[in-house]
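Chemist: This is the structure, below, for whatever I ask next.
The values are calculated or read from the model by the stated rules, or taken from the named source; none is laboratory data. From a predicted model like this one, the values you see are computed outputs, not experimental measurements. Positions of Cβ are generated from backbone atoms using ideal geometry, with glycine treated the same way; all protein chains shown enter the neighbour counts.
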Protein chains: 2
Amino acid sequence: MAKEFVVGVDIGGQTSKIGVVDVHGEILAQSVIRSDIYGSDASAYIEALAKAVEECIAAAGKTNDDIRGVGVGAPNGNYYTGDVAFAPNLAWAADSAVHLKAELSRALGGLPVTVTNDANAAALGEMTYGAAKGMKDFIMITLGTGVGSGIVIDGKVVYGHDGFAGELGHTTAVRNNGRMCGCGRAGCLEAYCSAMGIARTAREWLAATDEPSLLRDLENITSKDIYDAAKKGDAFSLRVFEYTGTLLGRSFAEFIAFSAPEAIVLFGGLARAKEFLFEPMQKAMNDNVLRIWKGKVKIIFSSLKENDAAILGASALAW
Amino acid sequence: MAKEFVVGVDIGGQTSKIGVVDVHGEILAQSVIRSDIYGSDASAYIEALAKAVEECIAAAGKTNDDIRGVGVGAPNGNYYTGDVAFAPNLAWAADSAVHLKAELSRALGGLPVTVTNDANAAALGEMTYGAAKGMKDFIMITLGTGVGSGIVIDGKVVYGHDGFAGELGHTTAVRNNGRMCGCGRAGCLEAYCSAMGIARTAREWLAATDEPSLLRDLENITSKDIYDAAKKGDAFSLRVFEYTGTLLGRSFAEFIAFSAPEAIVLFGGLARAKEFLFEPMQKAMNDNVLRIWKGKVKIIFSSLKENDAAILGASALAW
């Protein structure tokens, strides 16, 4: 019998989402477990995850025989080794390499398991079910707590020599006196254009000037606060978005010189601020890109529902 | 009968080199014609080229039946369209798109012709016969009059959505007050790290200071002059190389975040200055690259004889 279903698992710092998915990207059943209550005990986490996967398959009215495989998107997940290694936000994988592919497969009675990082999973999800359906060359940029990327060339995700390709959040957006990034480098795109980065911009600018802003009343500014203020017409917050969009667009111009993609596809919490980011992003991209690509590369926003996208992306790995 | 030979054609601004090549990269016969005496008459050039190719096949003691195909490396050559379009250094293709693949194939009685740009051809040459033999993921950087690049991922040259991928010479090496590049952008790697670029650095620095240097006696400084002076221990010229190598290494760190290559492979006139470029290049790359790649990506120099490499690279296209 044809195995016409897959399981997608999206591992995040706080929760892991599980879904059983059909070929059309329909999620038949889904569930969530905590990722953050196992301390450094990777075996306990994997046991709980396997149990949740089995329950989810049962809830969808299926058995293991119906399942082609399990795709897992995880921070620092490596496609070649199947490991999740040195992932700062996962206590059970923060200081070592966890053989997630092998151990989860064993716990699931031999179901094939494929692992990659969350941004590559997002790229696969867009290509299989979303905004990049039918595209063979695009770059997925995830604007969340960090900035991730998944690069698709000729219909395939680029893993590189060692499985770690596509770290575009850690290319240099600001060369002179760039901000320190969590990765140890200075001036990374992630230090400016993630949810954390845009909040840093706002806080730095507020400290450096006396300009009035709705943000001045707040204790701890988040990207959501900046978005809400921009919505209310706060000029300061609008400029923060303009700056952020400009840095993104300028970086896109560099990325295009590498792989000449048809589109840049954006996803993630900060991408919800499309109305404030899109224009400066597109202008900076076209102002800075080599002449042959001016006006030619699309910037598109994910069409997948945010809650489903991570599961769908991971599930796409398993086809 | 097996077609065990290919023809490589390297089209440059002044000359076009032709060679008949076997599977081992042995050049059985070669010849050269001028590229620059046909004005805007593309047909006349293609006719002369086809004649030279046929004579070269005959000189190798072969006939068209022995030839699997003809590979052509040309400035702005496009793999998908087979065109050479808007190539500033080729008068017959400077203002239009010349259908080189189709027209050369017709002039050669239907022999298959494949076209790509010179840097992609160089990458194929290294992979087929040279320093990158056996590698599946590497980035070829050609340091000549300009800076070109050919990117190989999973054993295949990256052409991108439109056939123009791999313009790493036109990524930004210097962001603030970067030099104008011939392409219209500012701060391009090519404006600093090509043969032209390093000469610009020397001239700028000489004009800005009174520092003594062997270069002060020269009328029109070339990259060769800087190399010769460095060989004699000229401290100024040594610093020019150190700066150039540092900018290259810093850019390599950005490229690695994209495709996680096994190696960066260097080729071209300026790459002959390995003794002065290698150390600052390697240091800057490892200082700037994301932690997971520190000390892991090799920088290697082409092992192909410079005169043969362009023909071999183009010929590798035809296998």
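Chemist: Which condition number in (1) without any contact (Cβ under 8 Å) to a residue 40 or more places away in the chain; (2) buried (at least 17 other Cβ atoms within 10 Å of the Cβ) is the one that A:D22 fails?
Modeler: Result: A:D22 fails condition (2) only.
Chemist: May I ask you to verify whether A:I221 is away from every other protein chain (no Cβ under 12 Å), more than 18 Å from the chain's Cα centre (by Cα) and part of a loop (DSSP other than H, G, I, E, B)?
Modeler: yes
Chemist: Determine if segment A:225-232 includes at least one residue that is at pLDDT below 95, surrounded by fewer than 19 Cβ atoms within 10 Å (Cβ to Cβ) and assigned to a helix (DSSP H, G or I).
Modeler: From segment A:225-232, those at pLDDT below 95 are none; that's our starting set.
No - not one qualifying residue is present in segment A:225-232.
Yes/no matrix, rows are residues, columns are (1) aromatic (F, W, Y); (2) free of Cβ contacts under 8 Å to residues at least 12 places away in the same chain; (3) in the same structural domain as A:L143 (by TED's automatic domain parsing); (4) under 13 Å from A:L143 (Cα atoms):
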| site | (1), (2), (3), (4) |
| --- | --- |
| A:E190 | no, no, yes, yes |
| A:L214 | no, no, yes, no |
| A:L218 | no, yes, yes, no |
| A:S223 | no, no, yes, yes |
| A:R250 | no, no, yes, no |
| A:G269 | no, no, yes, yes |
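Chemist: Being surrounded by fewer than 20 Cβ atoms within 10 Å (Cβ to Cβ), in a helix (DSSP H, G or I) and more than 14 Å from chain A (Cβ to nearest Cβ) is the filter here, so list the residues in segment B:279-319 that pass it.
Modeler: Selection gives B:E279, B:Q282, B:K283, B:E306, B:N307.
Chemist: Across segment B:182-210, which residue is farthest from the other protein chains (Cβ to nearest Cβ) among those that are over 21 Å from B:F276 (Cα atoms) and touching an Asp or Glu at 6+ places or on another chain (Cβ under 9 Å)?
Modeler: Let us first name the residues in segment B:182-210 that are over 21 Å from B:F276 (Cα atoms), namely B:182-188, B:207-210.
Narrowing further to those that are touching an Asp or Glu at 6+ places or on another chain (Cβ under 9 Å): B:182-183.
Working: B:G182: 11, B:C183: 6 Å.
Top of the filtered list is B:G182.
Chemist: Can you name the residue in segment A:141-199 that is in a loop (DSSP other than H, G, I, E, B) and β-branched (V, I, T) and, of all such residues, is nearest to the chain's Cα centre (by Cα)?
Modeler: Initially, segment A:141-199 is screened for residues in a loop (DSSP other than H, G, I, E, B), giving A:144-146, A:154-155, A:158-167, A:171, A:173-179, A:181-185, A:187, A:189, A:194.
Filter once more, keeping what is β-branched (V, I, T): A:145, A:158, A:171, A:174.
Numbers: A:T145: 9, A:V158: 15, A:T171: 16, A:V174: 22 Å.
That would be A:T145.
Chemist: Could I ask something else about it? Take segment B:80-93 and flag every residue that is in a loop (DSSP other than H, G, I, E, B), crowded, with 20+ Cβ neighbours inside 10 Å and out of contact with any helix residue (DSSP H, G or I) (no Cβ under 6 Å at 6 or more places or on another chain).
Modeler: From segment B:80-93, those in a loop (DSSP other than H, G, I, E, B) are B:80-83, B:86-90; that's our starting set.
Those left that are additionally crowded, with 20+ Cβ neighbours inside 10 Å: B:82-83, B:87, B:90.
Those that are in a loop (DSSP other than H, G, I, E, B), crowded, with 20+ Cβ neighbours inside 10 Å and out of contact with any helix residue (DSSP H, G or I) (no Cβ under 6 Å at 6 or more places or on another chain): B:D83, B:L90.
Chemist: May I pose another question? Looking at (1) surrounded by 17 or more Cβ atoms within 10 Å (Cβ to Cβ); (2) part of a helix (DSSP H, G or I); (3) polar (S, T, N, Q), which is the only condition B:Q30 fails?
Modeler: In the conditions (1) surrounded by 17 or more Cβ atoms within 10 Å (Cβ to Cβ); (2) part of a helix (DSSP H, G or I); (3) polar (S, T, N, Q), B:Q30 misses (2) alone.
Chemist: For B:F276, are the conditions met, namely being within 30 Å of A:V152 (Cβ to Cβ) and either more than 14 Å from chain A (Cβ to nearest Cβ) or surrounded by fewer than 20 Cβ atoms within 10 Å (Cβ to Cβ) (or both)?
Modeler: Values: within 30 Å of A:V152 (Cβ to Cβ): no; either more than 14 Å from chain A (Cβ to nearest Cβ) or surrounded by fewer than 20 Cβ atoms within 10 Å (Cβ to Cβ) (or both): yes.
Answer is no for this residue.
Chemist: Working carefully through the options B:K51, B:K62, B:K17, find the one that is assigned to a loop (DSSP other than H, G, I, E, B) and either more than 13 Å from B:A310 (Cα to Cα) or not hydroxyl-bearing (S, T, Y) (or both). Full working, then the answer.
Modeler: Details: B:K51 fails: assigned to a loop (DSSP other than H, G, I, E, B); B:K17 fails: assigned to a loop (DSSP other than H, G, I, E, B).
Exactly one residue qualifies, and that residue is B:K62.
Chemist: Here's a follow-up. What pairs can you find where one residue is in segment B:85-108 and free of Cβ contacts under 8 Å to residues at least 40 places away in the same chain and among the small types (G, A, S), the other is in a helix (DSSP H, G or I) and buried (at least 19 other Cβ atoms within 10 Å of the Cβ), and their Cβ atoms are less than 6 Å apart, with a gap of 6+ or different chains?
Modeler: As it stands, the answer is B:A87/B:A93, since those pairs meet every condition given.
Chemist: Out of the residues in segment B:86-114 that are under 17 Å from the mean Cα position of the chain (by Cα) and aliphatic (A, V, I, L, M), which is farthest from B:Q30 (Cα to Cα)?
Modeler: Looking at residues that are under 17 Å from the mean Cα position of the chain (by Cα) and aliphatic (A, V, I, L, M), I get B:A87.
Chemist: Sticking with this structure for a sec: Considering only residues of segment B:145-181 that are surrounded by fewer than 21 Cβ atoms within 10 Å (Cβ to Cβ) and more than 11 Å from chain A (Cβ to nearest Cβ), which is farthest from A:D287 (Cα to Cα)?
Modeler: In this case the residue turns out to be B:G155.
Chemist: If I go through segment A:243-254 residue by residue, how many of them are buried (at least 24 other Cβ atoms within 10 Å of the Cβ), within 13 Å of another protein chain (Cβ to nearest Cβ) and either of a type in the set (A, V, I, L, M, F, W, C) or at positive phi (or both)?
Modeler: Residues in segment A:243-254 being buried (at least 24 other Cβ atoms within 10 Å of the Cβ), within 13 Å of another protein chain (Cβ to nearest Cβ) and either of a type in the set (A, V, I, L, M, F, W, C) or at positive phi (or both): 1 in total.
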